[in-house]
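Here is the structure we will look at, set down as structure tokens.
The values are calculated or read from the model by the stated rules, or taken from the named source; none is laboratory data. The structure presented is a predicted model; accordingly, all values stated were derived computationally and were not measured. Virtual Cβ from ideal backbone geometry, glycine too; neighbours counted across all protein chains shown.
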Amino acid sequence: MFKKLLFYILLGILAVLLLINSNLKTIGAGVAILLFGMIMLEEGFRVFTKGPLQNLLKRATHKLYKSIGVGAVVTALIQSSSLVSVITISFISAGLITLNGGLGLIFGANIGTTATAWLVAVFGLKLQISALAMPMLVFGVVFSFQKKAEFKGLGNVLAGLGFFFLGIHYMKEGFDVFKAYIDLTQYAIPGFWGVVVYTGLGILVTTILQSSSATLALILAALSAGQIEYENALALAIGANVGTTITAVLGSLGSNVAGRRLAGAHLIFNLVTGLVALVFIYPLADLVNILSEVVGIATTDYTLKLALFHTIFNILGVLIMIPFIKKLEHFLLVFFKEKVGQDIDEPKFLNETVLQFPSGVIVSLINEAKYLYENAIFEIVAHGLNIHREAIISNIGIKEIVKGSKEDFKTNVRELYSSKVKTIYGEIIRYATTAQSDLKMTKVQNTRLSEIRIASRKMVEIIEDVRELGRNVSYYLNSDNKYISKEYDKFRKKIVKVLRVIYLFRKEVDREAQYSKLLVLKEEARKGKHQSTKSINKLIRNDLITVDMASSLVNDNDHVNDIVKKLIEVAELLYGETDTLLEVRK
């Protein structure tokens, strides 16, 4: 509600300002065109993030210096820190990268954004780039009408650059015309008080524009036209850096915990960086003057000096934060806690963020399916047989476990399905279906999604079989007929053995040996499904069990073999050694 009200108020203020002074229309149009260009640039580069870029970001995060460097270079090249942030949040949510690696990417992205200031200062203001913008727009539109995704992406990149430079041209032109009517330098505020005021103004403008890069372009255009003093421009740049965190915080309000943690890191980083730059603005300005002389920047070339200042204090911020990154990570993990509940009644790894990229959604779906399998399915199968889960994963002999488990748990399998499985199963299917229809997936990735769906469906079928089997297990658990009790104990031993081997297999305890055991058990279940056991036939011939008991045993023999077979098939599908999630689209 507050965001809506603020939006309408800002719209009203903007309309009034444009009505009061027609010269502001040119500046406003320049800002709008530049922002539109940045949106097109992001959309264009998004096409090329499906393979190599995602792979690069994923593999660069095991070392802090690599993640910072890659974050800086990638952001500088694609001119979109928001796209890097989206990929980072998606990968953290999916478990592809750690929070520590994600922090490195975000810190690097802050350095990478300084490339925008250099781009504007060197090309946008020094050269007649608007003449080049027109051909970019023409070729951009031509490419964007092509069917091939790569051509569309290239078209958006070219059109985005065209609009970006065209926006700078209009902003500069607007300030040049504006100067003939009003000289904004009359409102310059000298001294540290002026620094504070203009920092606040930079925060306000960035909050309105929702882009620190757009604010910097606006500042540089005004500075180039002589509409603001250099000292005040430095303060505005600091404010732009701090203001962009408000955008990140507002954007994270409806995000998942990974998004909120990164927004928190972004906020802390930019506040610390902004505070340091504010306190040491004059020493930093002196450093800029010294470095300008060294690299040959003219004393009066304030646009290039501002770009240098912006780069210096962002790098300084990263250097200050690096020693505290472990403490920052710990703080974020404690402050933004994962929602933990006793029941599996909602997704743990699935959120809208992971749907941005194929690799993110696949890994999240696998993790979600594994979590469901290891917790809900394991519990339902074990409790349906009146066996404690702790006993299955212990070193106690299976015969002793079954012999000592004579208590009826009175397990309501249908209720457990509704409370622990139904919602999460539905979400797995929904996310897999959405990913296959909305994302450009490779053949291998589509196959992996199909496997996850099959595994999830088999888990539901296991529950249905356990529900049928569990009723008779409980009914004959302490029967006066020792023969029927013994047969159902054999069923329980068979399933408990499979659950234990699967547990050891997924825990990678002598993985190859455990997998060989699973294959043997699976083959036995396949054969046993279509034939009654010798012991059941013998009991029937000797009249040791009733006809009803025999019927139950025969039916439940099929249920047991189905459960065993499906449990193993799900383990094969979920814990296979497939590592093709980031395969480049061909």
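Here are the numbers:
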read-out: Enumeration of residues in region 417-464 that are of a type in the set (Asp, Glu) and either loosely packed, with under 14 Cβ neighbours inside 10 Å or touching a helix residue (DSSP H, G or I) at 6+ places or on another chain (Cβ under 8 Å) (or both); value: GLU427, ASP438, GLU451, GLU461
read-out: Counted residues, region 261-306 - those being within 27 Å of PHE324 (Cα to Cα) and in contact with a helix residue (DSSP H, G or I) (Cβ under 8 Å, 6 or more places away or on another chain); value: 22
read-out: Scan of region 521-547 for residues that are modelled with pLDDT under 80 and among the aliphatic types (A, V, I, L, M), ordered by number; value: ILE536
read-out: Test set (1) at pLDDT below 85; (2) closer than 29 Å to ALA265 by Cβ - PHE178 fails condition number; value: (2)
read-out: Single residue of ASN478, ASN472, ASN446 found to be assigned to a loop (DSSP other than H, G, I, E, B) and modelled with pLDDT under 95; value: ASN478
read-out: Qualifying residue in region 441-450 (condition: charged (D, E, K, R) and over 15 Å from GLY360 (Cα atoms)); value: yes
read-out: All positions within region 98-115 that are in a loop (DSSP other than H, G, I, E, B) and surrounded by fewer than 24 Cβ atoms within 10 Å (Cβ to Cβ); value: THR98
read-out: Residue list for region 123-152, restricted to those being assigned to a helix (DSSP H, G or I) and modelled with pLDDT under 80; value: PHE123, GLY124, ILE129, SER130, ALA131, LEU132, ALA133, MET134, ALA149, GLU150
read-out: Residue among LYS58, LYS63 that alone is of a type in the set (D, E, K, R), within 26 Å of VAL318 (Cβ to Cβ) and at pLDDT 70 or above; value: LYS63
read-out: Selection status of ILE203, within 29 Å of the chain's Cα centre (by Cα) and at pLDDT 85 or above; value: yes
read-out: Failed condition for THR411, given (1) closer than 21 Å to HIS559 by Cα; (2) of a type in the set (Ser, Thr, Tyr); (3) out of contact with any Leu (no Cβ under 8 Å at 6 or more places or on another chain); (4) in a helix (DSSP H, G or I); value: (4)
read-out: Matching residues in region 296-349 - criterion: being charged (D, E, K, R), exposed (fewer than 13 other Cβ atoms within 10 Å of the Cβ) and at pLDDT 85 or above; value: LYS326, LYS327
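A quick yes/no check of all residues on (1) closer than 27 Å to ILE484 by Cβ; (2) loosely packed, with under 15 Cβ neighbours inside 10 Å; (3) under 33 Å from the mean Cα position of the chain (by Cα):
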site	(1), (2), (3)
GLU508	no, yes, yes
GLN514	no, no, no
LEU518	no, no, no
ASN542	yes, yes, no
ILE545	yes, no, no
ASP548	yes, yes, no
ASN555	yes, yes, no
LYS565	yes, no, no
GLU569	no, no, yes
